[in-house]
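To keep things clear, I will list the structure first and then write my remarks on it.
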Amino acid sequence: MSFEQMLVMHASPTLANMKPSSLISLKNLPACTSCMEKLRQRGLSFLPITTAKGVSLILIYRRKKLEEALQNPLSRNILSAFGYHGTLEEMLDQLSRRFLITDCPHEVGFFLGYPPGDVQGFIENKGENAIFSGVWKVYSDKEGALEILQKWTKCRRKYIECFLSGTEITRLCVTA
C-alpha cells in the first residue's frame, strides 16, 4: 500500500481537519518525504514516534488542533500524572518516550482526539467494562461517541472514493 493510500485509509479525518492526529505504520519512511513536504505546506506535521524492525510509527497531526485537544482540563490532569508538561514539542517527546516503555501508552487517546472521559475510563478500567467499542472504547457518552465515529467513518469513505477517482492527496488535505 502506498503512503498516500495509507493516509486516506487511516488518517482521513486528520487530513480533513476533523481530528487532531492519526497514527500510521510505515516500512519505508524515506520514500515518503516528498509527499510529506507537500502536505506540510497544507498544515500537517509528521513525527516518527518510534521505529522497530524497519517499521516507523508516525504521528500525523495538526498543531493547533492538537494543542487545543491537549488543553482540556481532564486531559491535562491525567497527562501530567504521566509526566507530560510544557510545550507541545515536550509533550510529543514524552509520548515518544512512553512508546519505548510500553507498546501503546493508553494516554495516546488524548493525542488522537478521543473523548477525554473515554481515555480516562480506559486507563481506570484497564481496557475492561466499556459500554461500547469501536475505534476506541467508550466509557461515558455513547451517543456522542457514535456521532464522532459516524463523522469520521463518513469522511474516510468520501476520501477513499475521491482518491480512487484520481483526486491527489494534496487536494484532499484541508488547509488549516
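The values are calculated or read from the model by the stated rules, or taken from the named source; none is laboratory data. Because the structure is predicted, anything quoted here is derived from the model rather than measured. Ideal geometry is used to build each Cβ from the backbone, glycine not excepted, and the neighbour counts take in all protein chains shown. For accessibility, only protein heavy atoms count, side chains too; no ligands or nucleic acids. Shrake-Rupley method; radii C 1.70, N 1.55, O 1.52, S 1.80 Å.
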Radius of gyration and Dmax for segment 132-176's Cα atoms, expressed in Å?
13.8, 40
Roughly how big is the chain's charge dipole about its Cα centre, with Cβ charges of +1 (Lys, Arg) and -1 (Asp, Glu), in debye to the nearest 20?
480
How much net charge surrounds GLN120 when only other residues with a Cβ under 13 Å from its Cβ are counted (Lys, Arg +1; Asp, Glu -1)?
-1
Using a probe of 1.4 angstrom, how much of the accessible area of segment 24-115 is carbon and sulfur, in percent?
52
Charge context of PRO13, other residues only, Cβ under 9 angstrom, K/R +1, D/E -1
+3
Gaussian network model of the chain, Cα springs within a sub-10 Å range: biggest mean-square fluctuation belongs to which of THR51, THR87, THR33?
THR87
In segment 45-106, trypsin sites (Lys or Arg not before Pro) in a DSSP loop with at most 10 other beta-carbon atoms within 10 Å
LYS53
Total formal charge among the other residues, if their Cβ is under 10 angstrom from that of LEU47, Lys/Arg +1 and Asp/Glu -1:
-2
As a quick test, which of the pairs LYS64/LYS151; LYS65/LYS142; LYS53/LYS154; LYS53/LYS158; LYS126/LYS158 have an alpha carbon distance above 29 angstrom in this structure?
LYS53/LYS154; LYS53/LYS158; LYS126/LYS158
In the chain, whole DSSP H helices that both stretch 30 Å or further along their axis by alpha carbon positions and average at least -1.0 on the Kyte-Doolittle scale are 142-164
Please arrange ILE148, ILE24 by accessible surface area, largest first, computed with a 1.4 Å probe and ligands excluded.
ILE148, ILE24
Hey, can you find the accessible area per residue of segment 55-176 for me, probe 1.4 Å, expressed in square angstrom?
56
Choose one of PRO115, TYR84, SER45: the residue whose Cα lies farthest towards the positive end of the charge dipole of segment 42-176 (beta-carbon charges +1 Lys, Arg; -1 Asp, Glu; about the Cα centre).
SER45
Using the Kirkwood radius over Cα pairs of the chain, the Stokes-Einstein translational diffusion coefficient at 37 °C and 0.692 mPa s, in µm²/s and rounded to a whole number, is 195
Could you work out Rg/(2.2 N^0.38 Å) for segment 21-74, with Rg from alpha carbons only?
1.26
Where a ≥ b ≥ c are root eigenvalues of the Cα gyration tensor, a/c under 1.5 meaning rounded, otherwise prolate if a/b exceeds b/c and oblate otherwise, segment 65-138 counts as prolate
